[in-house]
1. Take Phe91 and decide whether it is out of contact with any Pro (no Cβ under 9 Å at 6 or more places or on another chain), at pLDDT 95 or above, aromatic (Phe, Trp, Tyr) and over 30 Å from Lys135 (Cβ atoms).
2. Would you tally the residues in region 68-124 being surrounded by 16 or more Cβ atoms within 10 Å (Cβ to Cβ) and among the hydroxyl-bearing types (Ser, Thr, Tyr)?
3. Checking Ser17 against (1) crowded, with 19+ Cβ neighbours inside 10 Å; (2) over 19 Å from the mean Cα position of the chain (by Cα); (3) polar (S, T, N, Q): exactly one of these is not met. Which one?
4. Would region 155-166 turn up any residue that is among the polar types (S, T, N, Q) and over 25 Å from Lys100 (Cβ atoms)?
5. Considering region 146-187 alone, what residues qualify as being surrounded by fewer than 20 Cβ atoms within 10 Å (Cβ to Cβ), closer than 19 Å to Met216 by Cα and under 17 Å from the mean Cα position of the chain (by Cα)?
6. Can you tell me which residue is nearest to His212 (Cα to Cα) among those in region 144-187 that are part of a helix (DSSP H, G or I) and in contact (Cβ under 8 Å) with a residue 40 or more places away in the chain?
7. Out of region 188-204, which residues are over 25 Å from Asp118 (Cβ atoms), assigned to a helix (DSSP H, G or I) and open to solvent by less than 80 Å² (accessible area, probe 1.4 Å)?
8. Go through the residues of region 125-134 one by one and say whether even a single one is outside any helix (DSSP H, G or I) and open to solvent by less than 30 Å² (accessible area, probe 1.4 Å).
Amino acid sequence: MNPENNLPEKVISELKSVSDKEKALFLPRFFKTGKGEYGEGDHFLGIQVPQQRIIAKKFLPAIEEKDLKTLIASPFHEVRLTALFMLVAKFEKSKSGEEKRLWVDFYLNNRSFVNNWDLVDSSAHQILGSWLYDKDRTPLYELANSNNLWDQRMAIISTYYFIRKNDFEDTLKIAEILLFHPHDLIHKAVGWMLREVGKRDFETEYGFLEKHYKKMPRTMLRYAIEKFEPQVREMFLAK
């Protein structure tokens, strides 16, 4: 297909024009793409996130669902992230609930491509969390109880939208589901969300930690108590 008439190719071409070879060599190590690692097989162009946001904004007005379908399936990490920036914007600019629902369905149906922590963290709360705020939140529990690392991270990170509305119940329930998860990327995500709860309601986070801190993975606990007063932090760690 002629790239001049192919919008995804134009997006990818522009992304490649701002790529950095040294960064492209560094990022696979940072995102753990080696055999058996969580990002195994991912490919990088070496592009800074602010540049991706600029390019996403530039092409957003002309991008359609079929274009996003092509971009989000790219083997290149930065292309998928740029597609997600566009998808978040499409969702947020939607004028009706029906239109928003279409983008939510697109997100869930293509979530196999949302397959690293930054991809999840840049989209889950803004799309899925926002959509489910005033709806049945069962889909988050289905994701949390799946066997897929990124689905599980999507579940807990989606609740960040609720936390910002001072709604903590689902964060705590999903944190309990993931309490014994074996992967440190879930430990970090759960600890981060608990910390965000505590920034808004110290007593709620403190109560959760009092109940669970002895069983929590150390990384999860450290993330959760990062903003506590030093003496309180040391008390939890010492125990």
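1. Numbers: out of contact with any Pro (no Cβ under 9 Å at 6 or more places or on another chain): yes; at pLDDT 95 or above: yes; aromatic (Phe, Trp, Tyr): yes; over 30 Å from Lys135 (Cβ atoms): no.
In short, no.
2. 6
3. Ser17 satisfies all of (1) crowded, with 19+ Cβ neighbours inside 10 Å; (2) over 19 Å from the mean Cα position of the chain (by Cα); (3) polar (S, T, N, Q) except (1).
4. No - not one qualifying residue is present in region 155-166.
5. Hits for region 146-187 are Leu149, His183, Asp184, Leu185.
6. Residues of region 144-187 part of a helix (DSSP H, G or I): 144, 149-158, 160-163, 169-177, 184-187.
Filter once more, so that each one left must be in contact (Cβ under 8 Å) with a residue 40 or more places away in the chain: 149, 151, 154, 185.
Values: Leu149: 22, Asp151: 23, Met154: 22, Leu185: 19 Å.
Filtering first and then ranking leaves Leu185.
7. Taking region 188-204 and keeping what is over 25 Å from Asp118 (Cβ atoms), we get 201-204.
Subset that is assigned to a helix (DSSP H, G or I): 202-204.
Listed by number, the list holds a single entry, Thr204.
8. Kept after step one, since they are outside any helix (DSSP H, G or I), are these residues of region 125-134: 133-134.
Pick out the ones that are also open to solvent by less than 30 Å² (accessible area, probe 1.4 Å) and you get none.
Scanning region 125-134, I find no residue that is outside any helix (DSSP H, G or I) and open to solvent by less than 30 Å² (accessible area, probe 1.4 Å), so the answer is no.
The values are calculated or read from the model by the stated rules, or taken from the named source; none is laboratory data. Quick caveat, the model's predicted, so the values are computed rather than measured. Cβ: placed from backbone, ideal geometry, glycine included. Neighbour counts: every protein chain shown. In case anyone asks, the SASA skips ligands and DNA or RNA and just uses the protein heavy atoms, side chains included. Shrake-Rupley method; radii C 1.70, N 1.55, O 1.52, S 1.80 Å.
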